[in-house]
Amino acid sequence: MRECFEVRDYDGAGRIGELDVPRADVTVETPALLPVVNPHVRTIEPGELEAEFGAEILITNAYSIYGSEEYREDALEQGLHDLYDFSGAIMTDSGSFQLSEYGSIDVDTEEILQFQHDIGSDIGTPVDIPTPPDVPREQAEEELTTTQERLELAETVDTGEMLVNAPIQGSTYADLRESAAEHAYGTSLDVFPVGAVVPLLNNYRFADVVDLVAASKRGLGEDAPVHLFGAGHPMMFALAVAMGCDLFDSAAYALYARDDRYLTVRGTEHLEDLDYFPCECPVCASHTPDDLDAKNALERERLLAEHNLHVTYGEMRRIKQAIRRGNLLELVETRARGHPTMLSGYRALVDHAEQLEATDPVAKEAFFYLSTESADRPEVHRHHDRLARLSPEGEILLSEGDTNEAYDETWRVVPPFGPFPRDLSDVYPLNAEIPERLDARAYEQAAEGVRRLAEGNPDAAFTLAYHDWPETALAAVPDSVSTFQLGVEEGDWD
Ligand code: GUN
Ligand code: ZN
């Protein structure tokens, strides 16, 4: 067991957890946001992040401090917590991001890790190589080998109680990400950031991010805290949490504010395009877009940064509440409607339904069918797997209508789940709230349920009595099952 992390609640692969940060002597509740504090440009003071926004943890760049005549000595003498007037946990990055932006940096893993330790960082980072997306496989492999050597080197540096990140690289190759994660998990390092996703996020490639996180998670144990490095836009938090990410760092709140950009859970707006503020935070409740427009640049930047942070933290709380209530996937579904690329991300997520199913709680309060993607949720897969293991005998009617005495048993059929014994009607997820007007995918999945049941029980005789199923669903019902349309054919009992 990794001692620093404990999961409290699951929903899908999303979880509420506790990250123990021994050097700061604090426990951080996850999913958590780490606001990025730029030592040179403090848009909002760290003390205020803690007092006003409830920040339990932040991230800053040790390499910027290492190279700064202004801060280096102060950081070494006073320590980061005094320098920043912040009592929570402080994570530091190593300069890898600068490496990916500028091609080289003048420090190595041993030296920068030691420096992070010496300035009082609570979670340090080796110099991993953030290989960009879509590079030739040879480059991804070579750079991953270097990253892995550096993780092994990091294990040998005496960093006391400081936790150490083990970044997972591998570009856009899922198999490399998975083996990178296995290797990282096999080290004695503590926290597992999925690296080099910033270029994907900047290009709205959310489906690719989902696939890479899924691959990384396959290589990690459930007790591994996972950080999505450089992900700070609240529109994708629910999606990333549902895939199993626990930590996020946001420079977005400050960077976007500098460009008059306004974050929302549905995407980004330019201040000049807003006539109203679609938000309840203190800034938006007491200003109009015109008010902000009339302020000087510095004041406007600061107010926008405050709003951006409020939505960012607000979305994190909404996500945690959704995990507690067991409706995180409904929240993801809502967010997926904010932008077509988010919809692709959600479709990629349900492609991994079986992976999510492993940690998804067996019982939740309610299943709301809200979109065609609901038909592919982990709960539906789980029911289909169960159907393959049930063993009814004799002549079984699978009916969307009433029971019929002429059969040994009548089971209910409910799209997207398919058949189940009537006495399971009130059991999650079969008690789902389902719209009257369903889409074809729901019926196709119901047919898949019929198929799994029939193929698992070749000796039983099944008859399906259905109302209005599309051709694509009926075509998926195996030939061994008799079918009967209710309300149309002679002898109807519905
Ligand atoms: N910040 C954003 N992406 C990365 C990454 O891949 N590695 C490190 N160390 N920092 C990052
Ligand atoms: Zn606001």
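Please treat every number below as a calculation from the coordinates, not as lab data. As the structure is a prediction and not an experimental result, all values here were calculated from the model. Glycine gets a Cβ as well: all are built from the backbone with ideal geometry, and neighbour counts include every protein chain shown.
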> Taking only DSSP H segments of four or more residues, each worth -39500 (n - 2.57), what value at 222 nm results for the chain once the sum is divided by all its residues, to the nearest 500 deg cm²/dmol?
Replying inline: -12000 deg cm²/dmol
> Which GluC sites (Glu not before Pro) from the stretch 353-418 combine a DSSP loop assignment with at most 12 other Cβ atoms within 10 Å?
Replying inline: 365, 393, 405
> Which cysteines does the chain leave without a neighbouring Cys Cβ under 4.7 Å?
Replying inline: 4, 245, 281
>> List the residues, sorted by chain then number, that are 5 or more residues from residue 34 or on another chain and whose placed amide H is less than 5 Å from its amide H.
In response: 248, 249, 250
> For the stretch 1-83, which GluC sites (Glu not before Pro) are in a loop by DSSP, counting at most 15 other Cβ atoms within 10 Å?
Replying inline: 3, 69, 70
> Just how large is the dipole of the chain about the Cα centre, in debye to the nearest 20, putting +1 at every Lys and Arg Cβ and -1 at every Asp and Glu Cβ?
Replying inline: 580 debye
>> Take the chain, mark every one of the trypsin sites (Lys or Arg not before Pro) that falls in a DSSP loop and has at most 15 other Cβ within 10 Å, then report the longest stretch left between them, sites excluded.
In response: 43-265
> Can you give the net charge of the other residues whose Cβ lies under 9 Å from the Cβ of residue 428, counting K and R as +1 and D and E as -1?
Replying inline: -2
> Over the chain, what is the mean sequence separation of C-alpha contacts under 8 Å (at least six apart), divided by residue count, expressed as relative contact order in percent?
Replying inline: 12 percent
>> What does the C-alpha gyration tensor say about the overall shape of the stretch 399-494? Classify as rounded when a/c is under 1.5, otherwise prolate if a/b is larger than b/c, or oblate.
In response: rounded
> What net charge do the residues around residue 362 carry, taking every other residue with its C-beta under 13 Å from that of residue 362, with Lys and Arg at +1 and Asp and Glu at -1?
Replying inline: -3
>> What's the magnitude of the charge dipole for the stretch 140-298 around its Cα centre, counting Lys and Arg as +1 and Asp and Glu as -1 at the beta-carbon? Answer in Debye, nearest 20.
In response: 200 debye
> Shape of the stretch 310-388 from its Cα gyration tensor (a ≥ b ≥ c, root eigenvalues): rounded if a/c is under 1.5, otherwise prolate when a/b > b/c, or oblate?
Replying inline: oblate
> Looking at the chain, do any whole DSSP H helices span at least 15 angstrom along their long axis by alpha carbon and average 1.0 or above on Kyte-Doolittle, and which?
Replying inline: none
> Suppose every K and R has +1 on its Cβ and every D and E has -1 on its Cβ; what is the size of the dipole of the stretch 117-186 about the Cα centre, in Debye to the nearest 20?
Replying inline: 160 debye
> What is the pair-distance distribution P(r) of the chain, computed from all Cα-Cα distances in 20 Å bins starting at 0, with each bin given as a whole percent?
Replying inline: 22, 47, 24, 7, 0
>> When a/c reaches 1.5 or more, the comparison of a/b and b/c decides; with that in mind, is the stretch 200-350 rounded, prolate or oblate per its Cα gyration tensor?
In response: prolate
